[in-house]
Amino acid sequence: MRPLFNVPGAGSFVMAVGFSSGYPIGSMITARLRSQRLCTRVEAERLMSFTNNSSPLFMLVAVAVGMFNNPSLGWIIAGAHYLSNITLGFALRFYARNDNERIPEPPAKSRGLVSQAFRQMLQVQRQDKRPLGKIMGDAVRNAVTNLLNIGGFIILFAVIIKMLTTAGFIDSLSGCLGVLLLPLGFSPEILPALASGLFEMTIGSKLASETTAPLLQQVVAVGMILAWSGLSVHAQAASMISETDIRMLPFIITRVAHCILAGLYSYIIFQWCAPLEPAAAVIASAAKWQSLSPALFNLKLFGLFIITLAIIILTALILNLVSNIKFFTCKIK
């Protein structure tokens, strides 16, 4: 985590959970790390900015299958979403590099990782001084509270979108977006979906999948909506970090950058993989093992994954080598 993203090793848990779960889990765990003094404020802002992702279950199933009726689109949407966020993580390692706050890294130990994990768990349990039943009860209570909080935000912004649509504000906002997007070749039919996606990503994605715009534009629009994540998710993230000193401005700025990158990556991957149209996808799904198109599509995605993984590993090795050279140079001086 340090050579790649300039965050402490504890951020690996935030990244793992953030990429495997959905909004706003990354913000919630980052706030916990900050409150426990496991990372600095700048490191927390870096983590929060690139570990908040849409859920893979939502992208692969709810969007691709439920909204588009085309499972092959899920890998394009998810691939562009994760790849653009990892790109942001690389860029954010240079954010506020002159930060004066420092938290010492824990010393490396010769014992195995499993024994270290159990020792740490027992140490934390002794410090907590809560019985097991109390810990389980608090965990369930916090989980239900977070679920109600997230669901409440979704309902709130669904009502807000309905009110703004009735008042004509969504149409006006669509016109403003058209000034920027129509010269880029976007269809006017996709603009209301993007305007709604500014507030709530689920509703915006659903509207984008129902438009008469070309499939490529629908996929790009959904990629941009999921990357921006909507003001609903922004409000959820703000509520998660409200008791810490983490600032929201870096998160909002990176969501704009994520939106642009996800749209660009969606366009490139779509053109490269050339997925089937929805009607053809249903036929191909019924004869899955009798057609070469799905196999070719999966082969291309596997190649993209291998290339991305190789780039990440190579970048980590280069950055680690550079940091070691700087360390030894300073030590010699």
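At a glance:
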quantity: Hey, residue 269 of a type outside the set (Phe, Trp, Tyr), under 18 Å from residue 25 (Cα atoms), surrounded by 21 or more Cβ atoms within 10 Å (Cβ to Cβ) and over 16 Å from the mean Cα position of the chain (by Cα) or not; calculated: no
quantity: Residue satisfying all of: in region 48-80; more than 19 Å from residue 200 (Cα to Cα) and of a type in the set (A, V, I, L, M, F, W, C); surrounded by the most Cβ atoms within 10 Å (Cβ to Cβ) among these; calculated: 48
quantity: Any hit, region 88-105, residues being free of Cβ contacts under 8 Å to residues at least 12 places away in the same chain and β-branched (Val, Ile, Thr); calculated: no
quantity: Those residues of region 231-255 which are under 21 Å from residue 152 (Cβ atoms) and touching an Asp or Glu at 6+ places or on another chain (Cβ under 8 Å), in sequence order; calculated: 231, 232, 251
quantity: Wholly within region 173-232, helices (runs of 4 or more DSSP H) carrying at least 1 residues that are at pLDDT 90 or above, on the phi < 0 side of the Ramachandran plot and among the hydroxyl-bearing types (Ser, Thr, Tyr); calculated: 191-197, 201-209
quantity: Some residue of region 147-168 being part of a helix (DSSP H, G or I), farther than 30 Å from residue 69 by Cα and of a type in the set (Ser, Thr, Tyr); calculated: no
quantity: Test for residue 191: is it surrounded by fewer than 19 Cβ atoms within 10 Å (Cβ to Cβ) and not small (Gly, Ala, Ser); calculated: no
quantity: Filter result (more than 13 Å from residue 82 (Cα to Cα) and surrounded by 23 or more Cβ atoms within 10 Å (Cβ to Cβ)) within region 252-266; calculated: 254
quantity: Residues of region 77-108 satisfying the condition of being part of a helix (DSSP H, G or I) and either more than 26 Å from residue 150 (Cβ to Cβ) or among the charged types (D, E, K, R) (or both); calculated: 87, 90, 91
quantity: Residues being over 19 Å from residue 258 (Cα atoms) and in contact with a Leu (Cβ under 6 Å, 6 or more places away or on another chain) - total across region 37-66; calculated: 2
quantity: Enumeration of residues in region 36-47 that are in contact with an Asp or Glu (Cβ under 9 Å, 6 or more places away or on another chain) and surrounded by fewer than 24 Cβ atoms within 10 Å (Cβ to Cβ); calculated: 40, 41, 42
quantity: Check on residue 247, in a helix (DSSP H, G or I), surrounded by fewer than 24 Cβ atoms within 10 Å (Cβ to Cβ) and modelled with pLDDT of 90 or more; calculated: no
quantity: Yes/no for residue 160 being touching a residue at least 12 places away in the same chain (Cβ under 8 Å), surrounded by 19 or more Cβ atoms within 10 Å (Cβ to Cβ) and among the β-branched types (Val, Ile, Thr); calculated: no
quantity: Near pairs, Cβ below 9 angstrom, 6+ apart or cross-chain, from region 131-149 (over 16 Å from residue 23 (Cα atoms)) to any residue that is of a type in the set (D, E, K, R) and outside any helix (DSSP H, G or I); calculated: 138/130
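This table checks each residue for (1) of a type in the set (Gly, Ala, Ser); (2) under 18 Å from residue 32 (Cα atoms); (3) touching a Ser or Thr at 6+ places or on another chain (Cβ under 6 Å); (4) surrounded by fewer than 17 Cβ atoms within 10 Å (Cβ to Cβ).
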site: 202; (1), (2), (3), (4): no, no, no, no
site: 205; (1), (2), (3), (4): yes, no, no, no
site: 210; (1), (2), (3), (4): no, no, no, yes
site: 217; (1), (2), (3), (4): no, no, yes, no
site: 220; (1), (2), (3), (4): no, no, yes, no
site: 228; (1), (2), (3), (4): no, no, no, no
site: 232; (1), (2), (3), (4): yes, no, no, no
site: 236; (1), (2), (3), (4): no, yes, no, no
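The values are calculated or read from the model by the stated rules, or taken from the named source; none is laboratory data. These numbers were taken from a predicted model, which means no experiment stands behind them. Please note: Cβ atoms are built from the backbone with ideal geometry, for glycine as well, and neighbour counts cover all protein chains shown.
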